[in-house]
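Comments concern the structure below.
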Amino acid sequence: MAEYNRVSECVGLITLRNPPVNALSAAVRQGIVDTVQRALSDPNVKSVVICGQNGIFCGGADIKEFRSNMTGPPLIPMIHAIESANKPVVAAIEGSALGGGLELALGCHYRIAHSKARLGLPEVSLGLLPAAGGSQRLPRLIGVPAALNLITTGRHVTAAEALQLGIVDQVTDHNTVAAAVKFALSVAGRSLDPRRISTHPCPQQPDLDALFEEVMQKVRQSARGAIAPIACVQAVRAAATLPYAQGMERERELMATLFTSGQARALQYCFFAERAVGRWRMPSGARWDTSKPRPVHKAAVIGLGTMGRGITVALAQTGLSVIAVETQEKQLMEAKQAISGMLERGAKGRGVAPALDGVIYSQNIQAVADVDLVIEAVFEDIALKTKVFQQLSAVCKPGTLLCTNTSALDVDQLASETPNPELVVGMHFFAPAHVMKLLEVVYGPRSSPQAVATAMQLGKKMGKASVAVGNCRGFVGNRMLKPYIEEAFFLLEEGATPELVDQALEEFGFPMGVFRMSDLSGLDVGWRVRKGDGLVEPGTASGRSARIRQGRRYSPLGDLLCEEGRFGQKTGRGWYQYDKPGSRVARFDPWLHSFLGAYRAQHGLVARRIDHQEVLERCLYALINEGFHILDDGIAAGPEDIDVIYVSGYGWPRHRGGPMFYANMVGLAKVLERLEHYQQLHPEVPHLQPSSLLRRLVASGSPPIHKWGEAIKKLHSQL
Ligand SMILES: CCC[C@H](O)CC(=O)SCCNC(=O)CCNC(=O)[C@H](O)C(C)(C)COP(=O)([O-])OP(=O)([O-])OC[C@H]1O[C@@H](n2cnc3c(N)ncnc32)[C@H](O)[C@@H]1OP(=O)([O-])[O-]
C-alpha cells in the first residue's frame, strides 16, 4: 500500500497507493513505516519524497476504520519518525492533502504543492480534531490566528493560500513529483533542525488570552451545540501555551472524548450518507450505475420569479448556456437585473468572471425549441403548470427533458398531461435556489431512469446535495414538516409559547425554531395550502368540535393570525413582532400572548406547564414517525436519503446526523414508546400513531441504521 522506488540515483520515492483517495488505512501506515525505514537505512539515499498515486496526495485517516478496532501502526509515532529522520523528507502534494494527509505532510521537512491542490484539516466536520499532531504543528508553523481559522472551520485552502500562509514551501504548475525530487536533491545534506516543526515554539502573539476568549465565544455561537469546534480551540490553545509533548497529551485527551462521542458518529454518518444518496435507486429496480444521463449543453428556465431567478443563476454558474423565459416584460427586465447582480456577486466571491453572457432572456417560449432540458418555475398552480407543459411539449425538440420546480404539486399529474411522461421529473429547489444545497429530484411511476439520471447529474454539477425521491404530497422534506408544525401549534394550544417551543428547538441545534422560521417564510404560505385543502373555516366557532376538522385534530391558530394580517416578517407581525415590515429581529409580542390566552379561554383549554423535553419529543418524534411512513411507502430509498434532505435543506443539526439517525441513536424502542404515550393522550392526532415500519423494526430487535435497508426488504417480503 506504499510503494518504494529509488529515483535520480539518490532519492527514495514513496508512493501511497490506496484508491480512491490514498486514505491512511492500516496497510498504508504499515507501508509508510516500512518504506521510510528502508529509505533511511539505504546509504545511497540522500533524501526522500512522499507522494500519492493518481494525482492525490492523501485524503487523511481512513474514516471507515473508525468504526472498527484499529490495527496497524499508529499515525503519531509514524509521523514523528519522519520528522526525526536524518535525511530530508519532502511531501509532493497533488490533488488533496487533508486531515491526516496534511498532518503527514507537516511531519515532512518540506512541502511542494501543485497549483491545483487543496489542503486542510477538516476533522472538525467529522466531529474530531487533527489528532496526529496537526493541532500542535500547524499553529507552530503558521501562527495561532490562521491555525485557529483553518482548524475550527475545517476549510480547504488553495495551494496559493497555503503558500501565502507558509504551509507549503513551493507551488508548481508542472509535474509535482519531479519538482519535489529536484527540490529534495537540492536540500540533501542541509541541517534539518529548523525544519522540524514540533521543535519550534508558536510564533509570538500579543494578547493571547483575549484572542482565545474571542474565538471561543464565536465558535460556541456558531457551533449550535457541536462539541468538536470547541475542542479544536482548546487543542490550539494547548499548542500556544504548552511545550509540544504536553500539547500532544492534551490533543490525545480531547480526541479521546470526541472519538467516542455520538456527534462524531453522526457527522461521519453524514459524510457517507451524502455520498450514498448519489447511488440512487428507484422501486422499479432502475439504479444510478445502470442509467446513463443525457448530455445537457443548453437549458431553459420558464418563469423568472424568485425561484426561477435562483435556478437560472445556479445553472449559469455551471457553465451551461441558459434561455431564461418570462412572458411579462416588466418582470423580465427586473429579473435580468437581479440575475446579473447575483451572477456578479457570486463570481466576485469565487474570483472568476461572471457568466453574464451565458444567459439569454426572452419573452417567447418558442426560444426554448433547441434546449436539452427545461426547468419550469412558474407560479405554484397546477392549471398554469399544465398549460406550460403542454406548450413545452409542442415547442421543444424531441427528447427534451421537462422538469418542474414544485414544492407540493403532483408530478405524475403533470406528466400525464404531456405526450412523453417518461421525460418528466420534478426538481424541488429551495429558496434561494442558487444558495441552498438541497435538491429533491422527484420521479413518478413513468419517469424514465435516464431522466432521473440526467436531473441527478445536473444537480451534482450545480453543487447540490441531490436526492432522488418518489412522488407524494410534499415529497420527503415537506411531508415530514407537516406533523412537526402541527405539533408545535398543538403545544401552543396546550400552554406553550412560541418562545418556549423555539428555544427548545434552537437548543437542540436548529438555526431557527418553528415559529421564527414560519415568520421568515410567511404564514400566508401554509394558509393558502390549508385553504386549498378545505381546512380553513371562519374563526368564530369554539370548543373541541371547532378544532376537529376532516376527522382529526386541527389547530386554526395560524389561520387566525393570517386573518389579522399577521403574515410574519414581511408584515412586521407574526408569531413575534418586528420593528418594521421586513425587519429580521424577532421580539416578544404581548398581543400574541393575550391572543393565546383568549383563544384558550374561548375553546375551554387549560394551559399547563410544558417543558423542553415534551416539545422535542412531540415535534421531532412526529416528524421521525412520518419518515418511517415514507420509508415504508418506498418514497425514500433509505434513511440516508431522508437524513441528507433534513441536514442540507431543513436546518437539522448536522452533529445529530438527521432525523432517522437521531431515532437510531435515541433507540427505536424509546421513540415507539413515547409515540404510543402521546398517542394515548391525543388519540385524535393520527400522526402520533406509530408507523407500522417502526413497530416492525422494534419487533425485529431494532437493527442498527446501516442494516435498516435489509430489514425493510425482509419485512416487506414477509407481508
Ligand atoms: C488519529 C487520526 C487523526 C486524523 O487527524 C483524523 C483524520 O484524518 S479524519 C479524515 C480527514 N479527512 C477528510 O475529512 C477528507 C474526507 N474526504 C474528502 O473530503 C473528499 O473525499 C476528497 C476531497 C478527498 C475527494 O473528493 P471527491 O473526489 O469528490 O471524492 P469523494 O468525496 O466522492 O470520495 C471518493 C470515495 O472516497 C471515500 N473517502 C474519501 N475520503 C475518505 C477517507 N478519509 N477515508 C475513507 N474513505 C474516504 C468516499 O467515501 C468515497 O467513497 P465511495 O465508496 O466512492 O462513496
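Some notes on this structure:
- Strands (runs of 3 or more DSSP E) contained entirely in region 64-167, each with at least 2 residues that are within 11 Å of the ligand (Cβ to nearest atom) and open to solvent by less than 10 Å² (accessible area, probe 1.4 Å): 118-120
- Looking across region 179-207 at every residue that is outside any loop (DSSP other than H, G, I, E, B) and open to solvent by 30 Å² or more (accessible area, probe 1.4 Å), the one that is farthest from Ala92 (Cα to Cα) is identified as Thr199.
- Single residue of region 32-54 satisfying the filter (of a type in the set (Gly, Ala, Ser) and either in contact (Cβ under 8 Å) with a residue 60 or more places away in the chain or closer than 18 Å to Gly99 by Cβ (or both)) that is farthest from the ligand (Cβ to nearest atom): Ser47
- Residue in region 332-351 that is modelled with pLDDT under 95, surrounded by 15 or more Cβ atoms within 10 Å (Cβ to Cβ) and farther than 23 Å from Arg528 by Cα present: yes
- Residue within region 254-261 that is over 19 Å from the mean Cα position of the chain (by Cα) and farther than 30 Å from Gly667 by Cβ present: no
- Taking the criterion of being touching a Lys or Arg at 6+ places or on another chain (Cβ under 7 Å) and open to solvent by 50 Å² or more (accessible area, probe 1.4 Å), the only residue of region 168-178 that qualifies is Asp169.
- Residues of region 210-247 that are among the β-branched types (Val, Ile, Thr), closer than 22 Å to Ile197 by Cα and open to solvent by 30 Å² or more (accessible area, probe 1.4 Å): Thr241 alone.
- In the set (1) modelled with pLDDT under 95; (2) in contact with a Phe, Trp or Tyr (Cβ under 9 Å, 6 or more places away or on another chain); (3) farther than 22 Å from Leu592 by Cβ, the condition left unmet by Gly509 is number (1).
- Of all residues in region 627-666, those being open to solvent by less than 10 Å² (accessible area, probe 1.4 Å) and either β-branched (Val, Ile, Thr) or part of a helix (DSSP H, G or I) (or both) number 13.
- Every residue from region 581-603 that is among the basic types (Lys, Arg) and modelled with pLDDT under 95: Arg584
- Cross-chain or 6+ apart pairs with Cβ under 7 Å, region 544-559 first and closer than 16 Å to Leu492 by Cα, then open to solvent by less than 70 Å² (accessible area, probe 1.4 Å) and small (Gly, Ala, Ser): Arg547/Ser555; Pro556/Gly539; Gly558/Gly526; Asp559/Gly539
- Once region 371-424 is narrowed to residues that are free of Cβ contacts under 8 Å to residues at least 40 places away in the same chain, touching a strand residue (DSSP E or B) at 6+ places or on another chain (Cβ under 6 Å) and among the aliphatic types (A, V, I, L, M), the residue that is nearest to Ile302 (Cα to Cα) is Leu402.
- Among residues of region 3-30, those that are more than 16 Å from the ligand (Cβ to nearest atom), modelled with pLDDT of 95 or more and among the small types (Gly, Ala, Ser), counted: 1
- Every condition in (1) open to solvent by less than 50 Å² (accessible area, probe 1.4 Å); (2) modelled with pLDDT of 95 or more; (3) not β-branched (Val, Ile, Thr) holds for Gln317 except the one numbered (1).
- Filtered by the rule that a residue be open to solvent by 100 Å² or more (accessible area, probe 1.4 Å), in contact with a Lys or Arg (Cβ under 8 Å, 6 or more places away or on another chain) and within 12 Å of the ligand (Cβ to nearest atom), region 270-298 gives Arg279, Trp288.
- Taking region 173-213 as the range and being more than 33 Å from the chain's Cα centre (by Cα) and of a type in the set (S, T, N, Q) as the test, the residues that pass are Asn175, Ser186, Ser191, Ser198, Thr199, Gln204, Gln205.
- Restricting attention to region 261-316, the residues that are in a helix (DSSP H, G or I), closer than 25 Å to Tyr662 by Cα and among the hydroxyl-bearing types (Ser, Thr, Tyr) total 1.
- Residue in region 397-413 that is part of a helix (DSSP H, G or I), at pLDDT below 95 and either in contact with a Ser or Thr (Cβ under 6 Å, 6 or more places away or on another chain) or surrounded by fewer than 21 Cβ atoms within 10 Å (Cβ to Cβ) (or both) present: yes
- Hey, Leu505 in contact with a strand residue (DSSP E or B) (Cβ under 9 Å, 6 or more places away or on another chain), in a helix (DSSP H, G or I) and buried (at least 24 other Cβ atoms within 10 Å of the Cβ) or not: no
The values are calculated or read from the model by the stated rules, or taken from the named source; none is laboratory data. Source: prediction; values computed, not measured. Cβ: placed from backbone, ideal geometry, glycine included. Neighbour counts: every protein chain shown. In case anyone asks, the SASA skips ligands and DNA or RNA and just uses the protein heavy atoms, side chains included. Shrake-Rupley method; radii C 1.70, N 1.55, O 1.52, S 1.80 Å.
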